[in-house]
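Engineer: Got a structure here, written out as structure tokens. Questions coming.
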Amino acid sequence: MQNKAATSKMGMVPRMLIIDGHSYAYRAFYAIRQLKSPSGRPTNAVYGFIRMFEKLQECVKPTHIAVVWDGGLDQERKSLVPEYKAQRPDMPVEMREQLDEIVSYLNAVEVVSLVKQDVEADDCIAALTKRAEKEGLEVVIASSDKDFMQLVNDKVRIVNLSGKSEDWFDKEQVELKSGVAPSQIVDWLSLTGDAVDNIAGVPGVGPKTAAKLLRGFHSIDELLSRVNEIQPVRLKDSLQNAAELVRRNQKMIRLKAELDCDVPVEAMKKKARDGKKVKPLLEKWGFRSLLRELDEETMKTGDLFEEKDVACVFVKKSA
């Protein structure tokens with residue numbers, strides 16, 4: 001028997017797909033190498049991004065879509081931790097020159113591509129998520145960034161495409177992965193720190209210890225107010241000495257969902273694709289397989305991205 005949700009028509013479930021643009025562009029760039037256009041320009045990131053973009057739509061079946069890009073580092077976070085994300089290598093030149101091409105593709109398929117000067121993509125994604133929730137939409141965030149676990153609730157999930165499969169995080173999966181509820185993720189990361197972003201944690205406190213502390217004390221406020229109850233003594237002393245660092249980390253890790261990212265939900269509504277706008281780009285890049293698929297789908301429906309019945313974990317859980 002076919003899954004009811006898998007065969008439902010788009011629009012029955014208002015659902016926003018928000019894609020972490022740089023995250024998926026990087027993944028595409030390193031997953032496919034040595035792909036060039038007829039003119040000799042690199043196109044591996046463009047091709048991989050389009051393929052993942054298709055897969056996400058097949059799995060999520062969104063009624064609304066946005067791709068969000070980093071606009072620079074948050075200055076408040078930089079003032080708190082000057083070395084914030086400083087260890088990250090520069091973007092490869094061959095990838096950087098493909099970002100505009102990806103955006104040109106998104107423009108051709110009429111998908112909102114959002115970047116805001118000096119605003120990190122994470123904060124803009126959080127803001128769009130909260131706005132969509134208020135307007136009654138489910139939200140799926142496509143990213144591998146664990147910071148987004150703090151946004152998960154009954155209406156918000158995370159998907160992380162991995163090869164030919166996808167990993168989904170709802171409230172239950174967040175707790176299985178971290179040991180704490182989504183509402184405790186900021187405090188959990190504030191205790192452990194985040195080496196990827198150069199945010200130091202409490203010495204001697206790893207993910208399991210942090211989760212155990214929060215299961216017992218529920219929050220950092222409660223933990224620090226009752227720190228004398230903590231055993232062993234060296235853990236108590238470490239937490240006392242790191243109290244200021246933990247408070248700082250909360251400011252670093254909490255996403256700024258109150259930001260105004262200037263895009264109304266209605267503007268992100270999924271639109272019918274016009275093959276005439278897409279085809280010249282695919283020809284320029286030499287994407288023969290995508291051109292064949294475009295011609296086949298246009299002959300059938302006029303839409304390159306007609307819904308397909310696919311077996312996705314999200315669809316099964318939504319039945």
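FYI, it's all coordinate maths here, none of it is from the lab. Because the structure is predicted, anything quoted here is derived from the model rather than measured. Cβ: placed from backbone, ideal geometry, glycine included. Neighbour counts: every protein chain shown.
Engineer: Give the Rg/Rh ratio for the range 167-215, taking Rg as the radius of gyration of the Cα atoms and Rh as the Kirkwood radius, to two decimals.
Structural biologist: 0.98
Engineer: In whole Å, what three semi-axes, largest first, describe the equivalent ellipsoid of the range 5-111 built from its Cα gyration tensor (square root of 5 times each eigenvalue)?
Structural biologist: 28, 22, 11
Engineer: Ok, one more. How much FRET efficiency would the formula 1/(1 + (r/R0)^6) give for Arg41 and Asp154, where r is the Cβ-Cβ distance and R0 is 30 Å, rounded to 0.05?
Structural biologist: For Arg41 and Asp154, the calculated efficiency is 0.10.
Engineer: Kindly provide the helix-only [θ] at 222 nm of the chain, computed as the sum of -39,500 (n - 2.57) over DSSP H runs of four or more divided by all residues, to the nearest 500 deg cm²/dmol?
Structural biologist: -14000 deg cm²/dmol
Engineer: Report the Cα centroid-to-centroid distance between the range 173-198 and the range 243-266 in angstrom, as an integer.
Structural biologist: Centre-to-centre distance over Cα atoms comes out at 15 Å.
Engineer: What are the semi-axes of the equivalent ellipsoid for the range 177-253, taken as the square roots of 5 times the Cα gyration tensor eigenvalues, largest first, in whole Å?
Structural biologist: Square roots of five times the eigenvalues give 17, 14, 11 Å.
Engineer: Could you work out the percent of alpha carbon pairs in the range 161-302 separated by over 25 Å, rounded to a whole number?
Structural biologist: Taking all Cα-Cα pairs of the range 161-302, the fraction more than 25 Å apart is 53 percent.
Engineer: Along each of its three principal axes, how wide is the spread of alpha-carbon positions in the chain, in whole angstrom units, largest first?
Structural biologist: Between the extreme Cα coordinates on each principal axis of the chain lie 71, 48, 33 Å.
Engineer: Still on this model: On a full-extension model of 0.36 nm per residue, what is the gain between Glu296 and Lys277, subtracting their alpha-carbon distance, rounded to one decimal in nm?
Structural biologist: That pair, Glu296 and Lys277, stretches by 5.2 nm at full extension.
Engineer: Here's a follow-up. When averaged across all projection directions, what area in nm² does the alpha-carbon convex hull of the range 100-197 cover?
Structural biologist: 8.1 nm²
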